[in-house]
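The block underneath contains the structure these notes are about, expressed in C-alpha cells.
Just so it is clear, none of the values below were taken in a lab; they were calculated from the coordinates. Predicted, not measured: the structure shown is a model, and the values here were computed from it. In this analysis, Cβ positions are derived from the backbone assuming ideal geometry, glycine residues included, and neighbour counts consider all displayed protein chains.
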Amino acid sequence: MQIDFRDVLKDRHRWALQHKQMGGLVMGCYSAMLPEELMWSCGVLPVQFLMSPGPYYGESLSYLPPYVCDCSRSMLEDYMNGTYGYLDGLMFSHVCETVRGLAGICSVRWPDRFVRIFTAPAGNDPGARRYLKAELLSLAKELEHMGGVPLSEERLQAAISVYNENRGLVSELYRVRGQNPGAVEPAQVLSAVMASSIMPKDQHNRMMREFLKTIRKGPDVSGTRIILSGLLFENEVVLGSELFSILKACHALVVWDDLASGMRYRLEPVDNSRRVNPLDRLTEDLLGPQPAPLRSPAERKAGQMLEAARTYGAEGFIFLIPKYCDPILFDLPTLTRILKEKDFPTLSLEISGSLLEGALRTRVEAFMEMLSASAGDPIRA
Ligand code: SF4
C-alpha cells in the first residue's frame, strides 16, 4: 500500500482519539524539545499542535498582541474553540518568549487545567543535571496523579528505544532523499516528520519502514540542489504549498532541510548504551545541544548546514522566516554571513500564515536563475 503521510495530517486527531479510547492520556505539546519519551513511558501520548489554515479571528484575538507569529495564534485559537477538546493537559517548551506568554495565558485562563512550561537549564553541569532530573521526576508524578502509568526504568528504556528508532528512520529518509531527490517530494518528507509528532511513535515507525521501501526506487532527476531552513507551517504542507510547485517549475531539488517542522524535530538520539539508568540518559540528552535557536549557537547550526550542503551537493539555501519570530530572526544574520563566506548564495523569505504566490514566485525564480547561472563555479571549500 502506498503511504501518504499527508493523509495522517488531514485526519490529525484520529491517533490521539484512538489513544484515549484505549484509556491513555493525551498531552498537547507546543514546540519540540519536550521530554516526550518520559510522557510516552507514562502512557501519555504527546501531540504537537499543527497549524490550522486560519484565519484566527476568534476568541484568541483578545488575548494576543498583534505582533505574534501565526502558529501561536493558530494554537491558541484551536485550543479555545475546542478543536483540541480531548487534551488532558498542555506542555510548552520555552523556545521563545511568545511560547512563555502562551503558557501564562493558558494557566491564568484555565487555572484548573494541567498547563506546564518546560525549560531545560542552559548549562550542563552537576547542578543543572540534578535540577532537570528532579523536574522530570516531578513531571512523572504529576502524570501519574492525572491517571498515567507510574514511571519505571523498563518502560522509559522501551520509550527511548522506540523514539531512537524513529529518529533513525527519519534520518534514513533524509539520507535517501538527499542522495536521490527525485525519489520523494519535499512535501512527503515534511509530512512524514510532522505525522511523527502527532501519532504514537511505534505506529509511525511501522509506516516509515513501509514508506522507505517504496521510495528507494525513485528516478534520477537533474536540477539545482537547494536546502530549506527556518519554518514552513503545516497548513502549507497539507494544502499543497505554492513554494513547492514554484521550486519544481524552476527545476530546484530540495536535498535537505533545517526546518523547525522538519529536520529540527529532535533528531539527536538519546544515549542507548544502558551504562547508566534511562532517566539520567534522557536528562543528559535534554541538556545537550538541540537543533533549535535557543539551544544551539548559530555557528553550530551553520556547520551542520554546510556539512549537509557538501554531502548532498546543495548550491544554495532558502530561509523561510515566520513573521515576528525572534529566535529564527536572531540566527539569520550569522547563518547567512557564514554561508556566504563559503560562497553559498542565500535567499530569505518572510512568511506569514500562507505564502503569497506572486511575490514568492518572482523572488524564488530570480534566485534559482542566479544559482543556475553560477553553476560550474569552482567547488566550494
Ligand atoms: S519560535 Fe518563532 S514561530 Fe515558534 S512560537 Fe516562537 S516566535 Fe512563534
With R₀ set to 25 angstrom, the calculated FRET efficiency between the beta-carbons of Gln203 and Gln2, to the nearest 0.05, is 0.90
Full extension between His94 and Asn272 adds, at 0.36 nm per residue less the Cα distance, a length in nm of 61.5 nm
In degrees, nearest 10, the alpha-carbon axis of helix 70-80 is tilted away from the dominant principal axis of the alpha carbons of the chain by 30 degrees
With Cα springs under 10 Å, the Gaussian network model of the chain assigns the largest mean-square fluctuation among Leu169, Leu156, Leu61 to Leu61
Cα gyration tensor of the chain diagonalised, 5x eigenvalues square-rooted, in angstrom largest first, produces semi-axes 33, 23, 21
The range 84-224: relative contact order from alpha carbon pairs under 8 Å, six or more residues apart, as a whole percent, is 17 percent
A correct fewest-to-most ranking of Asp257, Asp88, Asp202, Asp331 by other Cβ atoms within 10 Å would be Asp202, Asp88, Asp331, Asp257
The answer for GluC sites (Glu not before Pro) in the range 95-152 that fall in a DSSP coil and have at most 11 neighbouring Cβ atoms within 10 Å is none
From the cross-link list Lys20/Lys133; Lys201/Lys301; Lys301/Lys342, the entries with a Cα-Cα span beyond 20 Å are Lys20/Lys133; Lys201/Lys301
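Can you tell me how the range 128-175 classifies by the Cα gyration tensor, rounded, prolate or oblate, using a/c under 1.5 as the rounded cut?
prolate
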Expressed as a percent, the portion of alpha-carbon pairs in the range 5-148 spaced more than 23 Å apart is 37 percent
So, with points 7 Å from each Cα along the Cβ direction, the Asp112-Ala134 label distance in nm works out to 3.1 nm
Out of Pro297, Pro333, Pro181, a Gaussian network model of the chain with alpha-carbon springs under 10 Å gives the largest mean-square fluctuation to Pro333
Relative contact order as a percentage, the range 5-148, C-alpha pairs under 8 Å and 6+ apart, gives 25 percent
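Test of understanding: what is the full-extension gain from Asn124 to Asp326, defined as 0.36 nm times their sequence separation minus their Cα-Cα distance?
70.3 nm
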Contact order relative to length for the chain, counting C-alpha pairs under 8 Å separated by 6 or more residues, stands in percent at 20 percent
Restricting to aspartates and glutamates and to Cα separations under 17 Å from Lys248, and discarding same-chain partners fewer than 8 apart, the set is Glu185, Asp220, Glu236, Asp257, Glu315, Glu357, Glu365, Glu369
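Kindly provide the trypsin sites (Lys or Arg not before Pro) of the range 187-231 that DSSP labels as loop, not H, G, I, E or B, and whose Cβ sees at most 13 other Cβ atoms within 10 Å.
Values: sites: Lys201, Arg206, Arg209, Lys213, Arg216, Lys217, Arg225; in loops: Arg216, Lys217.
Here the sparse-neighbourhood loop sites are Arg216, Lys217.
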To the nearest 0.05, the calculated FRET efficiency linking Asp343 and Glu172 through their beta-carbon distance, R0 being 41 Å, is 0.85
Given backbone amide H placed at 1.01 Å from N, residues whose amide H is under 5 Å from that of Leu45, ignoring those fewer than 5 places away on the same chain, are Leu25, Val26, Met27
